[in-house]
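Each value in this text was obtained by applying a stated rule to the coordinates, not by laboratory testing. What you are looking at is a predicted structure, and each value in this text was computed from that prediction instead of being measured. Every residue, glycine among them, receives a Cβ derived from its backbone with ideal geometry; neighbour counts consider all protein chains shown.
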Amino acid sequence: METHTAGTLLEVTELRTGYLGVEVLHGIELVVRPGETVCVLGANGAGKTTLLHAIMCRQPAWSGNIRLRGVELGGAPPFAPAHLGLSYVPEGRGVLASLTVRENLELGAYPPRARARLNDNLERVLALFPPLKPRLGEPAANLSGGQQQMLVIGRALMAAPELILLDEPSLGLSPAVTGQVYSALAQLKSSGQAILLVEQNVSMALKLGDRAYVMEQGRIVVSGGRERVLADPRLRNAYLGL
Ligand SMILES: Nc1ncnc2c1ncn2[C@@H]1O[C@H](COP(=O)(O)OP(=O)(O)OP(=O)(O)O)[C@@H](O)[C@H]1O
Ligand SMILES: [Mg+2]
């Protein structure tokens, strides 16, 4: 409990993992402080999703540490992160299509820490994503792609997370809908919610983010404040795969 750096919410140190014996993350170091929005940027295959999966205990860490307020998550079962206050919005949505919008949202409130606050959290989510409100009784399958993205973010927020992790929330959305999703994220941020945001949409992500890490082939190659990262030629190189 005491070994973590004071003031950090999530602290990843020297994280290594991979698939079938092939290492994909080569010693990742990353920190998120309370209330911060932190971006992880990088090209296809850089290892962004693998990093989020490791943090969420969906992918075993081979070595290194993942600590949430000093509590070690490495080796914990997959339900542990949600119980401790992490919520994950996976790449490619994943609403439960045959359940109603309300049922999808209620499912997000399963961690014991969230159940007592279900009604308050539901109101908060509907205020953040007004298009969901008139659709509560409809099957989630009826929603547009953008509304489904709002629903999965809403479902993650129903767990009352200390930190929400989002994997490419703009993927497959029109610029207009991406704008809606990002303005909701900006509202969330200003309410004090800590956010860890994985994106290929660099300009949207950096408008929102306080800081960013740029990943290239399983390594962090640049990190720092928005301006510094934007000015670093390695950001462009990471995307061009040079
Ligand atoms: N289940 C898996 N089995 C084997 N290799 C995998 C698996 N998932 C990912 N990889 C490999 O690990 C590396 C990192 O993939 P990952 O999905 O983490 O990248 P990413 O940055 O999220 O990419 P994208 O932007 O395409 O989502 C890639 O080389 C990928 O091929
Ligand atoms: Mg990915």
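Below, the figures for the structure above:
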quantity	calculated
Contact order relative to length of segment 1-144, as percent, for alpha carbon pairs under 8 angstrom and 6 or more apart	21 percent
Computed helical MRE - 222 nm, the chain, DSSP H runs ≥ 4 contributing -39500 (n - 2.57), nearest 500	-9500 deg cm²/dmol
The chain: antiparallel DSSP beta bridges as a percent of all, rounded to 5	55 percent
Gain in span if fully extended, residue 44 to residue 234, counting 0.36 nm per residue against the direct Cα distance	66.9 nm
Centre separation in Å (Cα based) which lies between segment 1-76 and segment 190-238	16 Å
Within-11-Å neighbourhood charge of residue 43 [Cβ basis; K, R +1; D, E -1]	+1
For the chain, with +1 on Lys and Arg beta carbons and -1 on Asp and Glu, the positive-most of 25, 181, 126 along the dipole	126
Extended-chain gain in nm, criterion 0.36 nm per residue less alpha-carbon gap, residue 203 and residue 96	35.5 nm
Proximal lysines relative to residue 133, as straight alpha-carbon distance under 23 Å, when same-chain residues fewer than 8 apart are discounted	189
Computed over the chain: relative contact order in percent, which uses C-alpha pairs under 8 Å that are six or more apart	27 percent
Pairwise FRET efficiency - residue 103 versus residue 174, Cβ, R0 = 30 Å, nearest 0.05	0.65
Percent of Cα pairs exceeding the 33 Å cut-off, where the set is the chain	15 percent
Cα-projected label distance for residue 79 with residue 118, points at 7 Å along beta-carbon direction, nm	1.7 nm
For segment 92-161: relative contact order, % (alpha-carbon pairs under 8 angstrom, 6 or more apart)	55 percent
Net charge over other residues, Cβ less than 14 angstrom from the Cβ of residue 109 (K, R count +1; D, E count -1)	+2
Charge dipole of the chain about the Cα centre (unit charges at C-beta), most positive-ward option of 153, 38, 64	153
Extension reserve of the residue 136-residue 217 stretch, reckoned as 0.36 nm per residue once the Cα distance is removed	25.0 nm
Rounded FRET efficiency, nearest 0.05, which uses the C-beta distance separating residue 33 from residue 144 and R0 of 41 Å	0.70
Long-range HN-HN contacts of residue 211 with modeled amide H, under 5 Å	37, 39
